[in-house]
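This report refers to the structure that appears directly beneath it.
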């Protein structure tokens, strides 16, 4: 859409000319994230999702005025920070304004008595974890994107981390946050430590991907970091035997620090051993020594009773050192014709085995390698990653292949009743399937959107809205 001159003039007066950018370079850069399909399009010089303006506020204090202005003129606003989304969430599909909050100075304060940290939404996760570690604390939240994501992004995308079996997802870690509505009101949402005054209103914005409001600060739980931690690697005879272990440990109420189970194809990558055969667990426990010892012993018993073989801690410890390394995917995507994709889904215990088989079978013709692992576990079921690696003749063919992969993966998940996303969110990748995935519940999302964003300006075109 063409921005009214009055909008540009008002924003320039509010923020300063240096923070209102209409340059082709800025518009092109803000039209991509780290979604492999988006990266391939950028390599081809194609920028299909461009705004008319990039706005970079230096404080969250001006965000209410920016949103009020956009609402009054019906101008779309898409919030962006570090652009680490892998599903196209921060891409401005309807043009308008990209509200880039990455330049807002980050700050945080720790409440040691309550064991919480309050941080600006622009706070880099890796920097925050490092600062807390110096005081003997941890967030307990460790997504692979920790070093390239923000706390505001975690809330907006309903993120989870590699140690969720112990600490939970972001919805379990957030105690309070502040959000600015499209109409300019600033809302504080909290429950400390728990509140039963009506529905838990914090849940409305967690995972809303910037379609309902702009998160400006977040209060998270923190935990002692200097506790005994034990690691172990266990080989398993079959995928089914490993899934049985995961289910039983959940039913027993265990809370392992680390619980990752790789199928045979991905185990070779996880172990960094091309000769490895068969599925493998990376296990870890954390807590007072007696508890950590007992929990690991129980996990070992569950594994060995199903034919598992203990391999020692070395492989799991090596993975801990490189757990933020995303280079396999990034390097392949950077190659002309190379492609890679990570698709995480979830299903109940009675459906996860069939989903695993169906996805591996359906995606095999579309990729050179189809890898899979299970890493976030609940009493009702588990998440499942599918990682695809391959090479085509050129980037045009890679774009076609990536689109086919998404279509096929979502088709299989919908047919088998699986959840289309466990923690990467919807973004552009899954938006076309949102209504079928949510079913009748999508009407609730639509009504909330109408109430909180009456002009429909916030991140349109996502979540099937």
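Structure notes:
- Failed criterion for residue 202 (all others in (1) at pLDDT 95 or above; (2) surrounded by 14 or more Cβ atoms within 10 Å (Cβ to Cβ); (3) not in a loop (DSSP other than H, G, I, E, B) hold): (1)
- Filtered residues of region 327-369 (kept if within 27 Å of residue 380 (Cβ to Cβ), assigned to a strand (DSSP E or B) and touching a helix residue (DSSP H, G or I) at 6+ places or on another chain (Cβ under 9 Å)): 341, 342, 343, 345, 346, 347
- Subset tally (residues that are out of contact with any strand residue (DSSP E or B) (no Cβ under 8 Å at 6 or more places or on another chain) and under 14 Å from residue 354 (Cα atoms)) for region 412-436: 3
- Residue tally, condition within 14 Å of residue 221 (Cβ to Cβ) and in contact (Cβ under 8 Å) with a residue 24 or more places away in the chain, over region 113-141: 12
- Here the condition is being touching a strand residue (DSSP E or B) at 6+ places or on another chain (Cβ under 9 Å) and on the phi > 0 side of the Ramachandran plot; of 351, 312, it holds for 312 alone.
- Residue 435 part of a helix (DSSP H, G or I) and over 18 Å from the mean Cα position of the chain (by Cα): yes
- Among the candidates 370, 377, the residue that is surrounded by 20 or more Cβ atoms within 10 Å (Cβ to Cβ) and farther than 24 Å from residue 149 by Cα is uniquely 370.
- Residue among 107, 84 that is under 30 Å from residue 219 (Cα atoms) and out of contact with any helix residue (DSSP H, G or I) (no Cβ under 8 Å at 6 or more places or on another chain): 107
Listed here are the residues, each with its yes/no results for (1) in a strand (DSSP E or B); (2) modelled with pLDDT under 95; (3) touching a helix residue (DSSP H, G or I) at 6+ places or on another chain (Cβ under 8 Å); (4) surrounded by 13 or more Cβ atoms within 10 Å (Cβ to Cβ).
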| position | (1), (2), (3), (4) |
| --- | --- |
| 387 | yes, no, yes, yes |
| 393 | no, no, no, no |
| 405 | no, no, yes, yes |
| 444 | no, no, no, no |
| 449 | no, no, no, yes |
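- One residue stands out in region 15-42 among those that are under 28 Å from the mean Cα position of the chain (by Cα) and in a loop (DSSP other than H, G, I, E, B): the one that is nearest to residue 389 (Cα to Cα), namely 35.
- Any hit, region 240-252, residues being assigned to a loop (DSSP other than H, G, I, E, B) and surrounded by fewer than 21 Cβ atoms within 10 Å (Cβ to Cβ): yes
The values are calculated or read from the model by the stated rules, or taken from the named source; none is laboratory data. Worth saying up front: this structure is predicted, and the values here are computed from it rather than measured. Methodologically, a virtual Cβ is constructed for each residue, glycine included, from the backbone with ideal geometry; neighbour enumeration extends over all protein chains shown.
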